[in-house]
1. Which residues, counting only those in segment A:50-67, are at pLDDT 90 or above and within 15 Å of A:Arg110 (Cα to Cα)?
2. So B:Met1 ticks every box in (1) within 14 Å of chain A (Cβ to nearest Cβ); (2) more than 9 Å from DNA strand C (Cβ to nearest atom); (3) open to solvent by 50 Å² or more (accessible area, probe 1.4 Å) but one. Which box is left unticked?
3. Hey, any hits in segment A:42-53 for a residue that's closer than 22 Å to A:Gly135 by Cβ, in contact with a Phe, Trp or Tyr (Cβ under 7 Å, 6 or more places away or on another chain) and not small (Gly, Ala, Ser)?
4. Within segment A:4-18, track down each residue that is at pLDDT below 95, of a type in the set (Gly, Ala, Ser) and more than 8 Å from DNA strand D (Cβ to nearest atom).
5. Testing B:Met21 on (1) within 15 Å of DNA strand C (Cβ to nearest atom); (2) at pLDDT below 95, one condition comes back false. Which one is that?
6. Collect the residues in segment B:24-33 that are within 12 Å of DNA strand D (Cβ to nearest atom) and in a helix (DSSP H, G or I), keeping them in residue-number order.
7. Looking only at segment A:106-119, filter to residues that are open to solvent by less than 60 Å² (accessible area, probe 1.4 Å) and charged (D, E, K, R); which one of those is farthest from the other protein chains (Cβ to nearest Cβ)?
2 protein chains.
Amino acid sequence: MVATALRLVDDVGVQAFTVRMLADALGSGTATLYRHFTGRDEILVYVVDHVLGEITTPAPDGGASWQESLVAVADGLYGTLRRHPHIVPLLIAQVPVGPNGLAQRERVLRLLAERGFPADLGARAFTAVTHYVIGFAAQQHGPGSADPDGAPALAAFYRGLDPAAFPSITAASQALTDTPLEEEFHFGLGLLVRGLELLRDEPPQG
Amino acid sequence: MVATALRLVDDVGVQAFTVRMLADALGSGTATLYRHFTGRDEILVYVVDHVLGEITTPAPDGGASWQESLVAVADGLYGTLRRHPHIVPLLIAQVPVGPNGLAQRERVLRLLAERGFPADLGARAFTAVTHYVIGFAAQQHGPGSADPDGAPALAAFYRGLDPAAFPSITAASQALTDTPLEEEFHFGLGLLVRGLELLRDEPPQG
DNA sequence: ACCTGAACACCGTTCAAGT
DNA sequence: ACCTGAACACCGTTCAAGT
């Protein structure tokens, strides 16, 4: 049921996902769905949590450093969102408070606490990293939300700009032309982790 | 016209914003709007760009360091998104390629280039910072997208969890209870800027 | 008790008809 | 030439009627 909804969302996107579609795919009427869910929004909440359940987080007992573990968590979330790009807008509209979302949050916060992070610093680190991952995944769509394959179209758009009017954008666009997305993603992620190292080992001061 | 659309979106949100609403507010019929815009989505593109035009970026000639300037840019975007929270989902669905969005991008990239950033590093820095700001602004809604005032509801939700089942989440929730959102925002932002300092002054190595 | 066809009140978009 | 009322083909949700 939730799996069917996820498959439909993966196929056609959140916007085009329809209660009637789901009912047809399940071989029932729309009214039947309202006996299991309060409405379309609740279905999507379960879809999001189902996706979060796919994330493979590193074993908490492994010998990995917290830096490696945090990067692994970010990679897991990022990879999952790359596999389900249509889920990203949903993860932005709702803070994931389903069972899988909560379990994942708990796991990461405990991992950070075990490695010496005060509770508030760990929570902020988690927020900063997940915000970054979601934000990055979200921006990988072309201009206009309806664009099917986004990143290449966006790069082409930037290259098509007038270099005289936007010299810095076109220069940067050329420099980034052959930078894989994964590398760009890890670049910003590395910034966050390095900053966290500094803050964990010295007292914060504003 | 765009200003009227923005006011409506600010009032009722993107989801509830209706072409009929806009037509009524303008004292015309819906069909008239389709003579100026190709459709609802295009109206929203202009609404987003109109909001981005409100951002006050620091003067490029001032004596501020690039760190201060970058923080000021992030603050400007963040403050604008706080004033127009309903715009955030739109900024996620579309890369802002309207005139104001492009001008802002160009301004920041030039500023970074003038302060010694290679073109690719500047572009990645801009992406990382804007992703972070948008992602952070996006998460400030409670569980379920329909929730009117989000952050307090979310905090209450976390505090209502079973401490035995989610010890780390509840501990972190208590520690963060009296942390203002602005402080939490600047925390992650500071991480990014610090990481950028390291990468600008030493050669990048993966 | 559980399911559901048909209806309700919308929505974005279009087009023939008016000025 | 420009505008627009009315219609079209949907949508999420509900409810009376069926089993």
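1. Across segment A:50-67, the qualifying residues are A:Ser65, A:Trp66, A:Gln67.
2. Only one criterion is unmet by B:Met1, namely (1).
3. Looking for residues that are closer than 22 Å to A:Gly135 by Cβ, in contact with a Phe, Trp or Tyr (Cβ under 7 Å, 6 or more places away or on another chain) and not small (Gly, Ala, Ser), one finds none in segment A:42-53, hence no.
4. A:Gly13
5. So B:Met21 meets the others, but not (2).
6. Residues satisfying the conditions are B:Asp24, B:Thr30, B:Ala31, B:Thr32, B:Leu33.
7. Ranking the candidates gives A:Arg115 first.
For every residue, the table says whether it meets (1) within 14 Å of another protein chain (Cβ to nearest Cβ); (2) more than 16 Å from DNA strand D (Cβ to nearest atom); (3) assigned to a loop (DSSP other than H, G, I, E, B).
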position: A:Leu22; (1), (2), (3): no, no, no
position: A:Thr38; (1), (2), (3): yes, no, yes
position: A:Tyr46; (1), (2), (3): yes, no, no
position: A:Ala64; (1), (2), (3): no, yes, yes
position: A:Leu90; (1), (2), (3): yes, no, no
position: A:Gln104; (1), (2), (3): yes, yes, no
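The values are calculated or read from the model by the stated rules, or taken from the named source; none is laboratory data. Treat the numbers as computed from the prediction; the structure is a model and nothing was measured. All Cβ positions, even for glycine, are placed from backbone atoms using ideal geometry, and neighbour counts span all protein chains on display. Ligands, DNA and RNA are stripped out before the accessible areas are found, and what is left, the full protein with its side chains, is counted by its heavy atoms. Shrake-Rupley method; radii C 1.70, N 1.55, O 1.52, S 1.80 Å.
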